[in-house]
Amino acid sequence: MALLNEYHKPDSLAEAVALLRRTDVRLRPLAGGSQLVGDMETRTVTDVDGVVDLAALGLHQIVETGDRLHIGATATLSDVGSHPLAGELAGGILRRAAQYEGPVNLRNAATVGGVVASAETDSEFYAALLALDASVIASDGEGETVTALADFVIPSAHHLITAVTLPVRALRAGHARIARTPSDRCIVAAVAVVGDGVERVALCGLGNRPLLAGSPLNPPDNWKGSAEYRLAMAEIVRERALAEAARE
Ligand SMILES: Cc1cc2nc3c(=O)[nH]c(=O)nc-3n(C[C@H](O)[C@H](O)[C@H](O)COP(=O)(O)OP(=O)(O)OC[C@H]3O[C@@H](n4cnc5c(N)ncnc54)[C@H](O)[C@@H]3O)c2cc1C
């Protein structure tokens with residue numbers, strides 16, 4: 001069981017950030033908990049005394065603003081998949097990629113902000129956001145930063161991701177993946193987005209987080225796949241994803 005000394009559920013961003021700024025106790029943002037709670041229970045993470053639950057901050061909205069789609073940080077992967085615009089953007093690539101984050105009970109809990117903050121190398125949902133040219137809005141309670149996901153790193157332990165925004169364009173997408181079984185998380189994968197003068201491919205399993213094709217590759221070398229194998233498969237998944245996008 002996760003050992004928590006403190007649990008907070010603030011209803012304002014300022015209060016949440018003020019809690020995270022405290023130096024007398026080590027508090028972490030809690031979103032869906034699908035990663036953090038597991039990490040605390042398995043003692044993978046031990047430098048946490050308590051959590052700041054983000055659920056009451058009203059950051060779950062998905063709204064279209066002009067030519068951009070605004071997805072709140074605590075919107076779940078299921079919320080995105082079932083949303084009329086977010087779930088259908090570029091042929092439904094976000095909904096499709098979310099399927100590979102985990103089973104439905106995980107998708108009902110895991111949030112967009114949590115996926116971005118965790119930035120796991122095999123997150124195909126993160127790769128889809130990257131291919132769709134997403135930007136991340138982060139706040140320290142005083143000001144907001146807006147950063148392209150490709151360049152995004154959480155500025156500090158007391159910054160909160162509040163939303164992800166995407167351009168709404170007439171795009172087509174392709175997805176290709178290599179995994180041990182169809183329901184396994186990928187060893188390597190690619191999400192390609194084309195159309196409207198755009199061609200962007202994001203790759204999973206080839207760096208410490210998903211990255212854009214053309215970036216320097218530094219693949220993990222682990223039980224799921226050797227670095228050599230991942231590099232050999234990178235071009236194959238990239239081409240397959242682009243071919244699928246071209247067919248769409
Ligand atoms: C069985 C299982 C297997 C999994 N396997 C994988 C895997 O192989 N690869 C993978 O990518 N993920 C895996 N996950 C984790 C999970 O799917 C994602 O990482 C998930 O997206 C985390 O989202 P969450 O909302 O649950 O985040 P949480 O677990 O609540 O938080 C995850 C991290 O992000 C921080 N955080 C959350 N929201 C914000 C925010 N708005 N601003 C700043 N920081 C924030 C938290 O403090 C924490 O450090 C697995 C989960 C489960 C249950």
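Some values worked out for this structure:
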quantity: D151 being charged (D, E, K, R), open to solvent by 40 Å² or more (accessible area, probe 1.4 Å) and in contact (Cβ under 8 Å) with a residue 60 or more places away in the chain; calculated: no
quantity: Single residue of segment 78-115 satisfying the filter (closer than 20 Å to L59 by Cβ and of a type in the set (D, E)) that is nearest to the ligand (Cβ to nearest atom); calculated: E101
quantity: Cβ pairs under 7 Å, 6+ apart, first in segment 23-37 and touching a residue at least 60 places away in the same chain (Cβ under 8 Å) and closer than 9 Å to A110 by Cβ, second more than 6 Å from the ligand (Cβ to nearest atom) and part of a strand (DSSP E or B); calculated: G32/T76
quantity: Residue tally, condition within 11 Å of the ligand (Cβ to nearest atom) and not in a loop (DSSP other than H, G, I, E, B), over segment 54-74; calculated: 1
quantity: Top-ranked residue of segment 24-53 - restricted to ones that are basic (K, R) and assigned to a loop (DSSP other than H, G, I, E, B), ranked as nearest to the ligand (Cβ to nearest atom); calculated: R26
quantity: Filter pass, D39 being open to solvent by less than 60 Å² (accessible area, probe 1.4 Å), acidic (D, E) and not assigned by TED's automatic domain parsing to the domain that holds V164; calculated: yes
quantity: Qualifying residue in segment 189-204 (condition: hydrophobic (A, V, I, L, M, F, W, C), farther than 20 Å from G92 by Cα and within 16 Å of the ligand (Cβ to nearest atom)); calculated: no
quantity: Odd one out for A90 among (1) on the phi > 0 side of the Ramachandran plot; (2) assigned to a loop (DSSP other than H, G, I, E, B); calculated: (2)
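The values are calculated or read from the model by the stated rules, or taken from the named source; none is laboratory data. All values reported here derive from a predicted model rather than from experimental measurement. Glycine gets a Cβ as well: all are built from the backbone with ideal geometry, and neighbour counts include every protein chain shown. To get the accessible areas, we keep the full protein, side chains included, count just its heavy atoms, and leave off ligands, DNA and RNA. Shrake-Rupley method; radii C 1.70, N 1.55, O 1.52, S 1.80 Å.
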